[in-house]
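What follows is one structure encoded as structure tokens, with my remarks underneath.
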Amino acid sequence: MTRKALTILAMLVVLLGAVPAHAKSEEAIKRNNFGAELLKQGRLDEAIVELEQAVQLDPGYAAACFNLAYAYERRDRIDDAIAQYKKALELEPGNVFGYNNLGVLLDKKGLYDEAIAVFEKALKIEPSNATVLANLANARKNKAIIEEREARIADARKQVEASPEDPRAAYNLARVYAALDMKDQAFEWLAKSLQLGFDDIRFVREDPTLAGLRTDPRFTKLLEGR
């Protein structure tokens, strides 16, 4: 079972160019507005330069902070985006879109508990926000998938630890990894099962759980001469 991908994209935090200034520096406002326009044009690297300068000129300028976080997100600088969203939300803790986007990024990194907490904060502000509700459900589902995967692996590994010389226990662990599309681990334990004497080679060749391994050259190599 694989982790389900996010089904809802993060929404733009700040309506670019449409946010009241609330800045101490006129130059920061100009840089933010120009960066926002560059963002709209998809000129991400240039936008980031302008927005970073806006934030440097006025670290308390929330609009620029959110725009910079969004620019980092668009540029796939995920860690930078997460850090910047957190800073921006300290300045404007009522920004639902900011929480939503931060939660989406945390979910993408597999930080499910943190993502869930962030989405729940957003829902305290807007309990009926459909985007946040969907993303919260998705994060909870992703967490459950990972927990189920870890439980399956743990159970199979316990069998191996209890019977380290049993080829079928090793083969079962290989099947679990194969089912989870963890190919390197699957091949490792398939090789161990064969070394321990697993001899039902016809079943290995036909086992539907191992279907994802058969196109890999390692599969043919393992079964050579068997």
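The values are calculated or read from the model by the stated rules, or taken from the named source; none is laboratory data. Keep in mind the model is a prediction, meaning the values are calculated, not measured. Here Cβ is always computed from backbone atoms with ideal geometry, including for glycine, and neighbour counts include all displayed protein chains.
Residue check: residue 103 meets all listed conditions (1) free of Cβ contacts under 8 Å to residues at least 24 places away in the same chain; (2) within 23 Å of residue 146 (Cα to Cα) but one, namely (1).
Residue pairs whose Cβ atoms lie under 8 Å apart, sitting 6 or more positions apart in sequence or on different chains, and linking a residue in segment 197-212 that is within 16 Å of residue 183 (Cβ to Cβ) and not assigned by TED's automatic domain parsing to the domain that holds residue 170 to a partner that is at pLDDT 95 or above and not in a helix (DSSP H, G or I), do not occur here. Scanning segment 209-221 for residues that are surrounded by fewer than 17 Cβ atoms within 10 Å (Cβ to Cβ) and within 17 Å of residue 170 (Cα to Cα) yields one hit, 209. Give the residue that is nearest to residue 87 (Cα to Cα), with candidates limited to residues of segment 31-62 that are among the basic types (Lys, Arg) and either touching a helix residue (DSSP H, G or I) at 6+ places or on another chain (Cβ under 7 Å) or free of Cβ contacts under 8 Å to residues at least 12 places away in the same chain (or both). Residue satisfying both the conditions and the ranking: 31. Just one of the listed residues (63, 130, 117, 154) is modelled with pLDDT of 95 or more and either assigned by TED's automatic domain parsing to the domain that holds residue 33 or of a type outside the set (A, V, I, L, M, F, W, C) (or both), namely 117.
Within segment 136-156, being more than 30 Å from residue 103 (Cα to Cα) and either exposed (fewer than 15 other Cβ atoms within 10 Å of the Cβ) or in contact with a Ser or Thr (Cβ under 7 Å, 6 or more places away or on another chain) (or both) holds for one residue alone: 155.
Within segment 44-89, the set of residues being of a type in the set (Gly, Ala, Ser), part of a helix (DSSP H, G or I) and surrounded by fewer than 17 Cβ atoms within 10 Å (Cβ to Cβ) comprises just one member, 83.
With respect to residue 76, is the statement that it is assigned by TED's automatic domain parsing to the domain that holds residue 31 and farther than 24 Å from residue 34 by Cα true?
On the way: assigned by TED's automatic domain parsing to the domain that holds residue 31: yes; farther than 24 Å from residue 34 by Cα: no.
So residue 76 fails the test.
Restricting 16, 6 to residues that are out of contact with any His (no Cβ under 8 Å at 6 or more places or on another chain), surrounded by fewer than 19 Cβ atoms within 10 Å (Cβ to Cβ), at pLDDT below 95 and not assigned by TED's automatic domain parsing to the domain that holds residue 93 narrows the list to 6.
Only one residue in 175, 205 is in a helix (DSSP H, G or I), in contact with a Leu (Cβ under 8 Å, 6 or more places away or on another chain) and within 26 Å of residue 110 (Cα to Cα), so which one is that? Can you show your working first?
Numbers: 205 fails: within 26 Å of residue 110 (Cα to Cα).
Exactly one residue qualifies, and that residue is 175.
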